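Heads up, the thing below is written out as structure tokens.
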Amino acid sequence: MFDKYIIDPATLRNTGPADAPTGFAFESKLGYYRGLGLSMIEELNVSVDGETLPRDAVRFDEGNGPISLDEMETAFDRRWPFGTPATILVSREGGFPKGAHTLGLVQKLRVSYLPFPSFNTDEKQVDFA
Amino acid sequence: MTSKIKRGVSLYSFQEELFLGRMNVEDCVSFATSIGANGIEILPEQNMPTFPNLSDAQVEEWKAMLARHGAHFTAYDMFLDTKVRKDRLMTDDEQVESIRRDLVLCNRLGIRNMRVLVFVRPDILGACVPYAEELDVHMGVEVHAPWHLEHAWILRTIDEADRLGTKHLGILPDMGIFMKHYPPAFRARFERQGARPEVAQFIVDSHEAKIMAEYTIYEVAVKMGGNKAEVAMAETLRHAPYANPKRIGDYAPYFRHIQAKFYEMNEDCTDPAIAYDEVIPELVKCGWEGTLSSEYEGNRWIQDVMEVDSREQVRRQHAMFERLIAEAEAKYGAMAAA
């Protein structure tokens with residue numbers, strides 16, 4: 001219902017030393033009409049030019065400190081509120097590639113009333129300096 | 001005759017603007033009262049960022065904000081995260097405790113109707129009845145398409161309420177169950193995604209004829225060699241029932257609030273899909289007392305091609321409500337007096 005809004009491409013930046021980045025980060029909103037506990041965010045698949053980065057390269061921070069997807073599984077006291085940006089941090093040698101590239105994100109949610117998982121998918125073309 | 005039917009809005013209606021930060025909750029309340037829709041339905045998990053931990057001060061801020069605009073709360077939409085853990089479902093006791101948490105917050109906010117998700121088991125709700133009675137909150141199971149008023153699953157909740165002899169358990173109909181015509185907004189989006197106009201017309205005609213969804217899906221997917229958009233459009237028929245509005249009176253004792261679902265309103269303030277022109281006379285005829293609470297869900301069907309204007313859509317729906325209520329009262333109010 002909000003797929004096309006879940007990546008905020010203007011927030012894309014490298015992390016780590018400026019001359020030798022160790023990863024990149026961007027802001028994302030949860031593509032759902034309500035907030036959700038972090039334990040029900042099953043996957044945050046980040047891709048660059050269609051290539052999905054490893055699950056353990058991704059960390060999430062809604063404001064209470066970065067945690068891995070494995071740690072999120074039992075983070076029962078943390079929530080991703082509705083319409084609120086959170087930071088997605090990705091470990092990647094060299095950071096985000098310079099020039100025109102595609103940043104992709106798939107959020108896989110465990111929504112209790114649905115018989116199947118819910119997927120929110122977005123891709124943004126970015127010209128990264 | 002003064003209407004017993006009151007008008008209101010669910011904040012769900014403004015999800016596009018709230019998500020994008022173009023409106024805040026007070027903007028929604030202010031707009032609602034500007035069109036005479038003074039009843040406010042909230043989704044705490046959408047509208048209250050600190051949910052489920054609301055301080056007394058936050059509760060008072062909400063009440064004061066509504067009072068400032070001459071609005072009042074009508075309903076609280078609960079959720080139940082039975083799958084909060086990856087390894088197992090919530091136990092029955094955990095489910096009851098989660099619902100009790102919502103009943104308590106609902107009561108603290110001074111709200112007397114709680115929308116219960118349709119998948120919640122009737123026996124779990126039965127176990128919650130003592131809390132609902134103590135806190136004076138009506139638990140209404142959302143009758144949401146493809147369920148309908150006489151679906152066996154819904155009848156189980158009604159049976160449970162009858163068995164317990166309680167006034168605090170019942171239903172809460174979502175008007176999506178009265179989809180008489182296929183929504184033009186659905187069709188238009190599937191055509192933008194590649195559905196051929198003749199196949200889209202076949203699906204619309206099949207819905208108009210009330211042909212069982214599975215026949216149409218097979219025709220489109222197999223016999224017509226339907227593409228992805230066409231098959232997806234045909235599959236929406238599974239969730240597009242037209243229940244009989246004439247049965248509303250039979251179930252009216254079990255509901256006090258209505259989610260007035262809609263997908264789009266015409267410029268002349270008529271609904272091209274949901275049969276409000278048949279539903280509202282039935283509500284008036286049976287003397288139903290409660291709130292018609294707008295639930296605009298059209299944003300997801302048009303946001304790929306145009307700016308969503310939820311306010312204008314809700315405004316048009318309320319112009320329709322005012323007209324249909326007045327017409328029905330002129331007809332049935334006069335009959336009752338005669």
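Every read-out reported here was derived from the displayed coordinates using simple, explicitly stated rules and does not represent laboratory data. Please read all numbers here as calculations on a predicted model, not as lab measurements. Here the Cβ positions follow ideal geometry from the backbone for every residue, glycine too, while neighbour counts run over all protein chains shown.
Looking at region A:3-128, the DSSP beta bridges with both ends there are about 100 percent antiparallel. Structure remark: mean-square fluctuation, Gaussian network model of chain A, C-alpha springs under 10 Å; the largest value among A:Phe26, A:Phe119, A:Phe60 belongs to A:Phe119. Per residue, chain B reaches -13000 deg cm²/dmol at 222 nm when only DSSP H runs of four or more residues are counted, each adding -39500 (n - 2.57).
Of the residues A:Leu36, A:Phe24, A:Gln125, the one whose Cα sits farthest towards the positive end of the charge dipole of chain A is A:Leu36 (charges of +1 on Lys and Arg Cβ, -1 on Asp and Glu Cβ, taken about the Cα centre).
Let me have the relative contact order for region B:184-236, percent, based on Cα pairs under 8 Å that are six or more residues apart.
Numbers: 43 pairs, mean separation 23.8, N = 53.
It rounds to 45 percent for region B:184-236.
Using a/c under 1.5 as the rounded threshold, could you call region B:263-338 rounded, prolate or oblate? The axes a ≥ b ≥ c are square roots of the C-alpha gyration tensor eigenvalues, and prolate needs a/b larger than b/c, oblate otherwise. Verdict is prolate for region B:263-338.
Taking a threshold of 25 Å on the Cα-Cα distance, which of the pairs A:Lys4/B:Lys6; B:Lys180/B:Lys246; B:Lys223/B:Lys261; B:Lys6/B:Lys83 fall above it?
Numbers: A:Lys4/B:Lys6 36 Å; B:Lys180/B:Lys246 13 Å; B:Lys223/B:Lys261 33 Å; B:Lys6/B:Lys83 36 Å.
From the list (A:Lys4/B:Lys6; B:Lys180/B:Lys246; B:Lys223/B:Lys261; B:Lys6/B:Lys83), the Cα-Cα distance tops 25 Å for A:Lys4/B:Lys6; B:Lys223/B:Lys261; B:Lys6/B:Lys83.
Rounded to the nearest whole angstrom, the semi-axes of the ellipsoid equivalent to chain A, taken from the Cα gyration tensor as √(5λ), stand at 24, 16, 12, largest first. Against chain B, whose longest principal axis is taken from its Cα atoms, helix B:122-135 shows a tilt of about 40°.
Placing +1 on the Cβ of every Lys and Arg and -1 on the Cβ of every Asp and Glu, with no other charges, gives region B:184-236 a dipole of roughly 200 debye about its Cα centre.
Give me Rg/Rg_expected for the protein assembly as shown, where Rg uses Cα atoms only and Rg_expected = 2.2 N^0.38 Å with N residues.
Details: Rg = 23.5 Å, N = 467, 2.2 N^0.38 = 22.7 Å.
Dividing the Cα Rg of the protein assembly as shown by 2.2 N^0.38 Å gives 1.03.
Treat every Asp and Glu Cβ in the protein assembly as shown as -1 and every Lys and Arg Cβ as +1, leave all other atoms uncharged, and give the resulting dipole magnitude about the Cα centre to the nearest 20 debye.
Values: 52 positive and 72 negative charges, 115 e Å.
It comes to approximately 560 debye.
Taking every alpha-carbon pair under 8 Å whose residues sit at least 6 apart, region B:1-147 reaches a relative contact order of 19 percent. Is the shape of chain B rounded, prolate or oblate, going by the alpha carbon gyration tensor and its root eigenvalues a ≥ b ≥ c, with a/c under 1.5 for rounded and a/b larger than b/c for prolate? Rounded.
Would you calculate the convex hull of the Cα atoms in region B:91-224 and tell me its volume per residue in Å³?
Numbers: hull volume 20.5 nm³, N = 134.
Output value, Cα hull per residue: 153 Å³.
For region B:184-236, the fraction of C-alpha pairs farther apart than 19 angstrom is 13 percent.
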